[in-house]
Amino acid sequence: MPGHWQFWVDRGGTFTDCIGLSPTGEMGTVKVLSSDLAPVVGIRQLLQLTEGEPIPPCELRMGTTLATNALLERRGVATGLIINAGFADLLAIGTQARPSLFALNIVKPEMLYQEVLEVGYRMNARGQSMAKAAPEELRLQLRSMRERGIKSLAIVLMHSNLDPSHEQEIAALAAEMGFTEVSLSSEVSGELGMLGRGDTAVVDAYLTPLLRNYLHSLRRELPGSTLLVMQSSGGLTGVDLFRGKDAVLSGPAGGVIAYAAIARAAGYQSAIGFDMGGTSTDVSCFDGELERSYENEVAGVRLRAPMMSIHTVAAGGGSVCVDNGFRFTVGPHSAGALPGPLCYGHADATELTVTDCNLALGRVVDDRFPFRLDASTTLRKLEQLSNGLAERGIERSALQVAAGFVDIANANMAAAIREVTIAKGRDLRDFAMVVFGGAGGQHACAVARSLGIRSLLIDELSGVLSAYGMGLAALSWHGQIDAGRRSLARLSELGESFARLEGEGARALRAQGASELAYKRLVDLRYLGTDSAITMELGDSIMAEFAAAHERRYGYSKDAAVEIVTARVEVTSPSGAAPQVDPVLPKSSPKALPPVRM
C-alpha cells in the first residue's frame, strides 16, 4: 500500500513485538504484553494515538502463536471426524510409535475431535467408487452432530487422494446442514496415506475457525487496511486463505526469514538461528537454503504441511525455575505475560523464572526494559531457595542458585541446537550463530561456548527480529500431489501434475494482488524399500545431489533404484515483499521514532 504505514508484528506467547515503517522510511519498534488486541495496542503506540482515535489504513504483516497455543492447551473449536465405516479408531491408533520406549505409564495425547461419524462410502485402490451412503440418512446424522455442538468437520476417506468426489459429496451435504467449516483430507494433504491425510485434516478443522475469527476481529479494528499472515512455511498469505494446518509455526517462521537474511548480508552461508523469547527457545539451521520439513509433530499432534525446520525447547525468559527437592528444573511450564516473572510485580505472580535469575545476576538492565522491574521479590525468592538447600546440607548463595538455573536453561538450549546440526551430520564449527529474541543476548555466549561455536551475529533489531522477518517475507503458496511411487527415471511423467499445481498457485497469488511470480519444483525421493524421503529441488544433477544428501543425513548412500514419493510446487511473489531496510548496521540508519513506554 504505497503512501501508507507498514506494521510488522510477531504476536508471541509473552510479548508482542511491533515494528512500524512510515511512508517516509522512519522506523520505530515497541514491545507490548501479548493479548488478542496486542497488535492494535502496538500500532497505536507507534502512531502515538490515544485510545479511541481511528487508525489510518495501513498494511499489517503478522505472525502469531495462536495456533500453537491452541494445540498445547486443547482449546480449538468442537470438531467432528467423518471417516469410512470400520476406521473410527484409525487416528487414535496412529503409527503405534512409543516416544518413551521404557515408560510404564503411557499417557496418549488427547484427540482433537470430539465425535466420530462412520459412513458407508468406499473407494478402491484404483480410485473407483464401490459404495455410497444414503444421502437422507447422512443428512440426519450431520444435523444431529450440529445440534450436539459440533462446529467444524474433518472428512477423511480412504483413497480420496485418487478421487476426492466422495469427500466432496459429504462436504456438500454438510454445507446444507449449516456447517461452514469443513476440511477435506484430499484438499489439505493430497498424498497417499490415509493416516497422514486424516491427522492433517483434523488439525485444520480444529484450528481454522479459531484463527479466522480472530483475524476477522482484528481486521475490524483496522478498517481499510491490508492484513497478511505468516505461514509456517515462511511465506505470507491473505486472511481468507490462511488455514490452521499452515499456522502452527507462524510466529517463529518470521525469525528464520530474518536471520537468514542477516547471515547472508554478513557473508555467512551457514548459520544457526537462536531465538530465545519469553516462553520458549526456537533453534533452526540455515545452510545456504531455508530448510523445511513436510511431516511434523507439534504438541503431540501429527500433520503434513510445509514448515520451517524449527526445533523448540521450553526454555524462555518466562520458564519457571523449580527446586522439587531432588533437583533443579527449568520449564516446561511458563509464567507467560500474566502473571509473568516475579520481577514484573504482578500481584498474583508466585513463581521464579529465568528472567528473574538474569535480573539477579545483572544480565537484565532495568532501565532498558519496556517497563519497571521489581528485583526485591526475586531476591527474596532466591534467598528462600538458598535457605532450603542449606537445610539439606547444601551451601549455595542466592546468586549461585540463580546461576544454577541459568546453567540448566543453557544446557537445554545447547541440546536443542545439537538436534538441528550434529544430529543431521553438520559440523557446528562451520556455523555462525545469529542471536535474537528478547532473552537471546543473556544466554548466547554461554551456549555458543559450550558448543564450540566461534562467531555470533547480533543485529540492532535482534529483540524484535521475528517481527522484522514479517517485513522481509514474500507472498507464497505451496501445493503437492502424490507421485504414485514411480521411479525417478519416469520423472517426465509428472510434467502435467507440476503444471497443474503451478497454475493453481499462480491463481491464488494473483487473487491477492501479486504480479511477479517465481516457481520452484521439488520432489520427495527415497531409495526403493526404505521409508524416509528427502525433499530435493529439480535439477540436472538431482541423483547425485540426492545421494550426497542421503549420505550426510543417514550416513550412507547406495547404488539402488530411487522412487518419487511426492511432487511439490512452491510459488512465490518477490514483488509481495516489503521494502527492505539493511539489517546489518545500515550506513544511514532510519530515523528512530520517539520511544514509547508501556
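Values quoted throughout were computed directly from the atomic coordinates according to the rules given, and no laboratory measurement underlies them. None of the values given here were measured: they were computed from a predicted structure. Cβ: placed from backbone, ideal geometry, glycine included. Neighbour counts: every protein chain shown.
With a cut-off of 11 Å between beta carbons, the residues surrounding Glu570 carry a summed charge of +2, where Lys and Arg count +1 and Asp and Glu -1. Taking the dipole about the Cα centre of the range 357-500, with the C-beta of Lys and Arg at +1 and of Asp and Glu at -1, give me whichever of Gly463, Leu373, Ala423 is farthest to the positive side. In the range 357-500, that residue is Ala423.
With R₀ fixed at 56 Å, the C-beta to C-beta distance from Asn124 to Ser270 puts the FRET efficiency at about 0.70. In the chain, the longest principal axis of the Cα atoms and the axis of helix 542-554 are about 50 degrees apart. Compared with the dominant Cα axis of the chain, that is its longest principal axis, helix 398-420 is turned about 30°.
Computed about the Cα centre, the dipole magnitude for the chain is approximately 300 debye when only Lys and Arg (+1) and Asp and Glu (-1) carry charge, each at its Cβ.
Between Thr14 and Gly278, Thr279, the built amide H atoms are under 5 Å apart, and every one of these is 5 or more places off in sequence or on another chain. Using only Cα positions of the range 206-290, each an equal point scatterer, no hydration layer, compute I(q)/I(0) via Debye at q = 0.12, 0.22, 0.23, 0.24 Å⁻¹ and quote the log10 values to two decimals. For the requested q values the scattering log ratios are -0.45, -1.02, -1.06, -1.10. For the range 23-129, the dipole from Cβ point charges (+1 on Lys and Arg, -1 on Asp and Glu) about the Cα centre works out to 480 debye, to the nearest 20. Count Lys and Arg as plus one, Asp and Glu as minus one, and take only other residues whose Cβ is under 11 Å from that of Arg454; the net charge is then +1. List the pair-distance distribution P(r) of the range 99-198, using every Cα-Cα distance, as the percent of pairs falling in each 5 Å bin from 0 up to the bin containing the longest distance, rounded to whole percents. Computed distribution, short to long bins: 2, 12, 21, 21, 17, 12, 7, 5, 3, 1. Sequence-distant contacts, meaning Cα pairs under 8 Å at least 6 residues apart, place the relative contact order of the chain at 14 percent.
A cut-off under 14 angstrom between Cβ atoms defines the neighbours of Ile422, and their net charge, with Lys, Arg +1 and Asp, Glu -1, is +2.
By the equivalent-ellipsoid construction on the alpha carbon gyration tensor, the range 72-122 comes out with semi-axes of 25, 17, 7 Å, ordered largest to smallest. Would you mind telling me the antiparallel percentage of the DSSP bridges in the chain, rounded to 5? In the chain, DSSP labels about 65 percent of beta bridges as antiparallel.
Could you calculate the FRET efficiency of Ala518 with Ala175 from 1/(1 + (r/R0)^6), where r is the beta carbon distance between them and R0 is 25 Å, rounded to 0.05? Step by step, r from the Cβ atoms, then E = 0.10. About the centre of its Cα atoms, the range 270-375 shows a dipole size close to 80 debye [charges on the beta carbon of Lys, Arg (+1) and Asp, Glu (-1) only; nearest 20 debye]. All distinct Cα pairs of the range 16-60 go into the 1/r average, and the inverse of that average, the Kirkwood radius, is 10.9 Å. Altogether, the Stokes-Einstein calculation at 37 °C and 0.692 mPa s, with the Kirkwood radius of the range 433-560 over Cα pairs as Rh, returns a diffusion coefficient of 175 µm²/s. For the chain, compute the number of Lys pairs whose alpha carbons are separated by less than 26 Å, excluding pairs fewer than 8 positions apart on the same chain. Value for the chain: 10.
For Rg/Rh (Cα atoms, Kirkwood Rh), computed directly from the structure shown, the correct entry in (i) 0.97; (ii) 1.07; (iii) 1.00 is (i).
The separation of the range 61-112 from the range 118-179, counted between C-alpha centres, amounts to 21 Å. For chymotrypsin sites (Phe, Trp or Tyr not before Pro), the sites in the range 70-125 that DSSP calls loop and that have at most 16 other Cβ atoms within 10 Å are Phe102. Taking the inverse of the mean 1/r over every pair of distinct Cα atoms in the range 171-225 gives a Kirkwood hydrodynamic radius of 12.9 Å. Taking each residue as 0.36 nm, the span from Arg429 to Arg553 lengthens on full extension beyond its C-alpha to C-alpha distance by 42.9 nm. Go through Thr312, Tyr268, Val301 and say which Cα lies farthest out towards the positive end of the charge dipole of the range 268-320; charges sit on Cβ, +1 for Lys and Arg, -1 for Asp and Glu. It is Val301, whose Cα lies furthest towards the positive end.
Rg over Rh for the range 263-372 works out to 1.07, both radii taken from alpha-carbon positions and Rh defined as the Kirkwood radius. When only alpha carbons are used to place a centre, the range 316-389 and the range 26-53 end up 27 Å from one another. Scanning residues 5 or more positions from Ser455 or on other chains, those with amide H under 5 Å from its amide H are Met433, with H placed 1.01 Å from N in the peptide plane.
Given the convex hull of the Cα atoms of the range 23-108, what is a quarter of its surface area in nm²? Average projection, Cα convex hull of the range 23-108: 11.4 nm². Put simply, when 423-431, 552-560, 255-263 are sorted by average Cβ atoms within 10 angstrom per residue, most first, you get 255-263, 423-431, 552-560. When all alpha carbon pairs of the range 302-423 are counted in 10 Å bins from zero, the resulting P(r) reads 13, 40, 30, 13, 4, 0 %. Computed over the chain, the per-residue total of -39500 (n - 2.57) for DSSP H runs of n ≥ 4 gives a 222 nm mean residue ellipticity of -10000 deg cm²/dmol, rounded to 500.
Using the Karplus relation 6.51 cos²θ - 1.76 cosθ + 1.60 with θ = phi - 60°, the per-residue 3J(HN,Hα) values for the range 132-148 come to 9, 7, 5, x, 5, 5, 5, 4, 4, 5, 5, 4, 4, 4, 5, 5, 8 Hz, with x marking Gly and Pro. Calculate how steeply helix 165-176 sits against the longest principal axis of the alpha-carbon atoms of the chain, using the helix alpha-carbon long axis, and give the answer as 0 to 90 degrees to the nearest 10. Orientation of helix 165-176: about 70 degrees from the principal axis.
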